[in-house]
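Beneath this line is the structure, given in structure tokens, with notes to follow.
Each value in this text was obtained by applying a stated rule to the coordinates, not by laboratory testing. Because the structure is a prediction, the values reported are computed rather than measured. Ideal geometry is used to build each Cβ from the backbone, glycine not excepted, and the neighbour counts take in all protein chains shown.
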Amino acid sequence: MTNSLQETEKSDIIFVIGTNTTWNHPVFGGMVKKAVKRKGVKLIVVDPRDIDLAKCANLHLKQRPGSDSAVLMGLQHIIVKENWYNKAFVDERTEGWDDYVKSLEFYTPEKVEELSGISKQLLIDAAKLYATSGRGALYYAMGITQHTHGVDNVKACSNLQMILGNFGLEGTGVNPLRGQNNVQGACDMGALPNVFTGYQPVTVEENRKKFADAWGVKVENMDDKVGQTVTTMVNNAGDSIKAIYIMGENPMMSDPNLHHAEEQFKKLDFLVVQDIFMTETAQIADVVLPACAFAEKTGTFVNTERRVQISNKALNQPGIAKNDFGIIVELAKRMGCDTFPETPETLFEEMRQLTPSYKGMTYERLEKECGLRWPCPTEDHPGTPILHVGKFSRGKGLLVPIEYRAPEEVISKEYPIWLTTGRLLQHYHTGSMTRRSKVLNGLVPYAKVEINVVDAKKLKIKDGEKVKVSSRRGSIEIHAEVTKKIQEGIVFIPFHFVEAAANQLTNDALDPIAKIPEYKVCAVKIEKIADCC
Amino acid sequence: MENTLKITINGKVYDSSPGKTVLDIARANNVYIPTLCYHPRTGKAGKCRACLVEIEGFRGLKESCALEAKDGMIIKTDTEQIKQVRKMIVELHLSNGEHNCIACEKNGHCELQDMAYHCGIERPGFPEYHETIPLDDSAEGIIRDHNKCIECGRCVTACNNNVMHEVLDFGWRSGHTKVICDNDLPMGESSCVQCGECVQVCPVGALTFKNAKGKGPYWELEKKKTICTYCGVGCSIDMYVKDNKWVYSMGTEENWEKQTNKGMLCVKGRFGMDFLDREDRLTTPLIKKNGKFVEASWDEALNLVSSKLGETKAKYGAGSIGFFTSARTSNEDNYAMMRFARGVIGTNNVDHCARL
């Protein structure tokens, strides 16, 4: 996030796209609701479903899955044409205007209506409301990124905020809501194929030297090329990748094409899985290492607003399980490296000395100041709640032309219904924790596919009955929830349930740059399961 | 803000910044003033009158939760009159309901019990006068006991103004007034999402957690501050634990204004922690032999991993090994694995499932 979670009430208007906030980030969803319902902040929701926030929105734009970039660029088309944009900001702080404006020509309200199903008038109303209401904050989540054109969607979001001057001020910004508790931290820590901690590129020799020196290894032994991403490693299993070590992930359940993932993992010479449960992935491993859960160790986590916070050890580990880092330290020793720091605090200390944006953070400060937001370069720096104040980190903000691309898979005669996937309020990700919780699994014990009343009537499907949902990749049996909350021609399936795994159906086509799979759109068909007896 | 005003409480002078209530200043200086309807996160309600104080130059007693402190105020919190009034408030509550502490989950940190203790009420002075309302245990996570409710309204405010679920309200009239869910549905059938905010602010035992029942009285629990792992908001959770087991979760109240979650939690952070204590947790390293997992020591398992990774690197090069770290584990875990991949193995094939 460029801005912070506490700023909802400082916005004049909030723009929510591709996030069912009250289910996926419930506490923050409540803050948005409060800003709107109690403090008079305006709200525009762009989502194919009647999500909770849509109930209190000034406008709700129900797009067809996969048409987000068209909607975003369409709004910008109108804003530029009507001269509602912030000319001073565009002149002073951005570049690339000409190419960008040229690419907007395509997105006429008529064209966007055709692509997204949102009426021309509603698009114009939304553009006007958003552009003329004052400070606007844009929030998005995986509904924007999990597409084959996810990167385009994100760029379209930042274009919109730039032409309105919505950067560097309280209550503005481009604000992705991270779905996992430490996605931001994993990225910050350089758990990415191209960068060390704090986004220092591995391809820069100076960086390699700095890390090699600190770790006591020879710089010649460091890899100077960008590595492979998770998705390409899975695809190359058995070929260029022979062994994989997985810490705390369950790609067998979260991979976009489960059959494919299983086949690929089985091609490996050696698979190690380090986890807290015998997950689907752990079952096919050669070695399984038992790890501590978050409450069984001390460590830091980074939330979606870049705030680094300490979580303390509350419980002892079960059996002889070990901390994730402790296992790696032991392994490093066996492989001839004895320079590893051995406690969370000393690991953090080593890391911050190598990472300019973390340099001013200490465990003591993090505890005392309820966390710190990076960049925090010195020990007397208060941290940075808002990025890009007065200047973008790259200098001028780049307005990016965007060429419209449809989703990789579109509906057809055989697969006539759009499928979109996501989470429920009561469950989390692959369900390995929440399905083991008495209360949470008691609240929602099984999966349901949300289907519109009209579609259900056509297919003679009653609320609660079991149906078969199939895509080109697989099929599942699942209970139907007949509802008006979803548009005709679209169904929604949560991906928490192994017995009705949505990812049996989803498309593993990737965004060409981010390599993110297109979980949010594919084509399916729905069949009634013939009554037995 | 600067300390620009001075007030006197029970003969002692206290400095404070402006804009604070008399109650704020008293609490900040450990002067006991009870409250039932006031909670820092639901604000002043001015209903219960438990926090009455005497102020020189003012007529009658004043509610300290709603009274802004002014320079030079001279305040008394422990006059005979105040003690009498407080005692009467507690006596009336005790007569109107079933305030039986013996097996109550709130025993030991009940604000009404505290008040009764401070007032020295060993036996209620009035006969009990109430109709018994059946327990509402229809919900998955929360038990409602109307007979212990003192109608302070904290839960109603918290539900409608903090977490914004807008489920709870006061229903019915006069003597029949009670807190209801939606149009007086049992909680389990209502639109309540079980975030548990109402339980967290309840001063008495009217709202309690089902999962905590019988797991240990308050004074046997230990409080540990952790960060929730269920999404990117990073809510601060005070975990209450006993005998190495999670009992219940509360949003961190200490410094709540500075916390990302401002003391609130969602249903997952509140109730989703029992996975920690499940029997199917992995407790020992496992090595697959002839298609079956066999328990192993750390030495065996780690030696095997290290020799296999070493062999693979020797045969196919460092680039043939891949590492998946996790967006669920800590920075320290991720840093360690990144350092291992790059510094020990020598590959940049390190990534995590942020995209999935």
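Details
- Sequence-distant residues sharing a close amide H with A:PHE196 (under 5 Å, placed H): A:VAL202
- For region B:5-131, the Cα gyration tensor yields ellipsoid semi-axes of 29, 15, 13 Å (square root of five times each eigenvalue, largest first, whole Å).
- Cα shape, region A:39-134, gyration tensor, a/c 1.5 rule: oblate
- About the centre of its Cα atoms, region B:169-256 shows a dipole size close to 280 debye [charges on the beta carbon of Lys, Arg (+1) and Asp, Glu (-1) only; nearest 20 debye].
- Relative exposure of B:HIS352, B:HIS99, judged by other C-beta atoms within 10 Å (fewest first): B:HIS99, B:HIS352
- Taking 24 Å as the limit for the C-alpha separation, the pairs A:LYS62/A:LYS120; A:LYS62/A:LYS528; B:LYS213/B:LYS258 exceed it in the case of A:LYS62/A:LYS528; B:LYS213/B:LYS258.
- Per residue convex hull volume, Cα atoms of the protein assembly as shown, in Å³: 189 Å³
- 222 nm mean residue ellipticity, helices alone, for the protein assembly as shown (DSSP H n ≥ 4; -39,500 (n - 2.57); rounded to 500): -7500 deg cm²/dmol
- When the convex hull of its Cα atoms is projected in every direction, mean area for region B:176-287 (nm²): 10.1 nm²
- Ranking A:GLY18, A:LEU347, A:PRO176 by how far each Cα lies toward the positive end of the dipole of chain A (charges on Cβ) leaves A:GLY18 at the top.
- Residue range of chain B that is longest and free of GluC sites (Glu not before Pro) which are both DSSP loop and sparsely packed (at most 10 other C-beta within 10 Å): B:132-256
- For region A:390-533, Kirkwood radius (reciprocal of mean inverse C-alpha pair distance, Å): 16.9 Å
- Under the convention that each Lys and Arg Cβ holds +1 and each Asp and Glu Cβ holds -1, the size of the dipole of region B:297-356 around its Cα centre is about 260 debye.
- Taking all Cα pairs closer than 8 Å and separated by 6 or more residues, the relative contact order of region A:26-141 comes to 26 percent.
- Region B:227-246 versus region A:120-138: alpha-carbon centroid distance in Å: 39 Å
- Region A:186-241 and region A:151-166: distance between their alpha carbon centers, rounded to Å: 30 Å
- Pairwise alpha-carbon distances in region A:355-468 exceed 20 Å for 72% of all pairs.
- Cleavage-rule hits, GluC sites (Glu not before Pro), region A:435-489, DSSP coil, Cβ neighbours within 10 Å at most 15: A:GLU465, A:GLU488
- Selected from B:ALA341, B:PRO217, B:CYS51, residue furthest toward positive end of dipole (chain B; charges at beta carbon): B:ALA341
- Diffusion constant of chain B at 20 °C, which comes from Stokes-Einstein with the Kirkwood Cα-pair radius and 1.002 mPa s, µm²/s: 88 µm²/s
- Cross-link pairs beyond the 32 Å C-alpha cut-off, checked among B:LYS83/B:LYS215; B:LYS148/B:LYS224; B:LYS12/B:LYS178: B:LYS83/B:LYS215; B:LYS12/B:LYS178
- Take each residue of peptide A:422-430, count the partner chain Cβ atoms within 10 Å of its Cβ, and average: the result is 4.
- Gyration tensor over alpha-carbon atoms, chain A, equivalent ellipsoid semi-axes in Å: 37, 32, 22
- Beta-bridge orientation, region A:417-528: approximately 60 percent antiparallel, per DSSP, counting only bridges with both partners inside.
- Cα pair distances exceeding 17 angstrom across region A:258-399, given as percent: 71 percent
- Taking every alpha-carbon pair under 8 Å whose residues sit at least 6 apart, chain B reaches a relative contact order of 10 percent.
- Alpha-carbon gyration tensor eigenvalues x 5, square-rooted, for region A:5-177, Å: 23, 19, 15
- Among B:SER236, B:SER191, B:SER249: highest mean-square fluctuation, GNM of chain B, C-alpha pairs under 10 Å: B:SER191
- Dipole in debye (nearest 20) - region B:5-78, about Cα centre, beta carbon charges: Lys, Arg +1; Asp, Glu -1: 200 debye
- Taking the DSSP bridge list for chain B and keeping only pairs wholly inside it, about 90 percent are antiparallel.
- Simple rule: put +1 on each Lys or Arg Cβ and -1 on each Asp or Glu Cβ in region B:5-78, find the dipole, and look at B:GLY72, B:ILE7, B:PRO34; the Cα lying farthest toward the positive end is B:PRO34.
- Going by neighbour counts of Cβ atoms within 10 Å, the residues B:ARG342, B:ARG41, A:ARG38 line up, fewest first, as A:ARG38, B:ARG41, B:ARG342.
- Sequence-separation-based contact order of region B:56-200, relative, with Cα cut under 8 Å and 6+ spacing, percent: 18 percent
- Cα pair count fraction exceeding 14 Å, expressed as % - region B:5-78: 54 percent
- Partner chain coverage, peptide B:140-152 - average Cβ within 10 angstrom: 1
- Listed cross-link partners B:LYS44/B:LYS245; A:LYS10/A:LYS128; A:LYS209/A:LYS515 are compared with a 31 Å cut-off, the Cα-Cα value being larger for B:LYS44/B:LYS245.
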